[in-house]
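Have a look at the structure below, then the notes.
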Amino acid sequence: MSKLSGFLSGTVIVATGVCFTLPALAASPLAAHRAVYDISLKSAEDRTGISGAKGRMVIEFSGSGCEGWTVNFRMINQFFLSGGKSRVLDSRSSMWESGESDQLRYVQRQFVDSKLQEEKELRAKLAEGKTGGSGAITKPKEEIFSLPEGVTFPVDHQLKIVKAAEAGETRDETLLYDGSDGSKPAIAITFIGSKKDAGEDQTDAKMKDVNGLSGWPVSISYYKPDNQDKETPEYQVSMVLYENGVSGDMSLNYGDFVLDAKLTDIKLLEMTACN
């Protein structure tokens with residue numbers, strides 16, 4: 001997974017985080033939705049030069065198991081730096097995953113101070129039985145790549161997490177591919193806490209479309225496949241995952257700084273019916 005870094009050098013890489021915010025969808029009627037989060041700085045090491053941050057993240061999920069699932073994502077943040085300077089980072093992505101979770105299309109654009117810095121466009125397809133797969137990148141430069149055996153796409157991964165949580169399991173390890181790091185997959189290690197009943201320590205109880213729902217505290221750490229034994233992950237997200245697939249308040253840990261994402265607005269959307 002990519003990291004937000006390099007503020008002082010002027011080279012900024014933005015992690016879209018699509019894989020950790022996807023709702024988990026299956027045949028069960030979990031909710032299509034549009035969720036809005038307010039972003040603030042929780043902590044930052046001195047070497048980052050970051051003194052503060054504010055912004056917003058929006059995730060919109062729609063589709064069906066027939067036509068596939070679409071996730072549109074946008075996160076825009078203003079980072080306040082030492083010396084009174086600031087930078088605005090704007091990351092936008094759209095991902096489509098087939099209902100069978102064997103095809104994926106991904107488009108991403110990253111802007112720094114309103115200037116396009118990076119653009120990605122790719123597609124990937126898994127072989128039957130997850131015996132591998134292949135993909136093609138068209139932007140920023142053309143590349144054909146292969147995917148290893150056992151790789152999983154994001155919606156399928158999140159479905160796996162919900163099933164594990166419902167079964168009372170506490171840990172999952174998955175080789176995950178979401179397109180955000182080009183041709184490279186990541187190892188996603190998930191820890192699942194005890195189920196919280198409705199009304200028990202719900203940080204976003206004012207949100208009517210999640211009020212009254214139970215959920216699980218979930219923490220997902222992402223590692224490069226050849227670096228999974230290192231003490232700290234490339235990236236980590238912690239959240240409450242509600243039973244209808246909505247992610248509650250989140251903590252986004254980029255290693256040398258951490259952002260808080262507070263769920264401030266949630267709207268359930270009509271699911272697309274299968275013909």
| message | What pairs come out if I take residues in segment 130-149 that are open to solvent by 90 Å² or more (accessible area, probe 1.4 Å) and pair them with residues that are polar (S, T, N, Q) whose C-beta lies under 6 Å away, six or more apart or interchain? | response | E149/T131
| request: Among what's in segment 41-53 and is surrounded by fewer than 15 Cβ atoms within 10 Å (Cβ to Cβ) and under 25 Å from S247 (Cβ atoms), pick the residue that is farthest from the chain's Cα centre (by Cα). | output: G52
| query | Among the residues of segment 97-104, is any of a type in the set (S, T, Y), outside any helix (DSSP H, G or I) and in contact with a helix residue (DSSP H, G or I) (Cβ under 7 Å, 6 or more places away or on another chain)? | reply | yes
| query | Can you pull out the residues in segment 206-256 that are under 21 Å from K195 (Cα atoms), among the acidic types (D, E) and open to solvent by 40 Å² or more (accessible area, probe 1.4 Å)? | reply | E243
| remark: Filter segment 66-80 for residues that are free of Cβ contacts under 8 Å to residues at least 40 places away in the same chain and open to solvent by 50 Å² or more (accessible area, probe 1.4 Å); the one that is farthest from S51 (Cα to Cα) is N72
| Quick one: R47 ticks every box in (1) of a type outside the set (S, T, N, Q); (2) assigned to a strand (DSSP E or B); (3) more than 15 Å from Y106 (Cα to Cα) bar one, so which box is it? | (2)
| Subset of segment 81-107 [of a type outside the set (D, E, K, R), open to solvent by 70 Å² or more (accessible area, probe 1.4 Å) and under 26 Å from A44 (Cα atoms)] | S82, G83, G84
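The values are calculated or read from the model by the stated rules, or taken from the named source; none is laboratory data. Keep in mind the model is a prediction, meaning the values are calculated, not measured. When we count neighbours, we look across all protein chains shown, and the Cβ atoms used for this are built from the backbone with ideal geometry, even at glycine. Please note that ligands, DNA and RNA were not included when accessible areas were found on the heavy atoms of the full protein model with its side chains. Shrake-Rupley method; radii C 1.70, N 1.55, O 1.52, S 1.80 Å.
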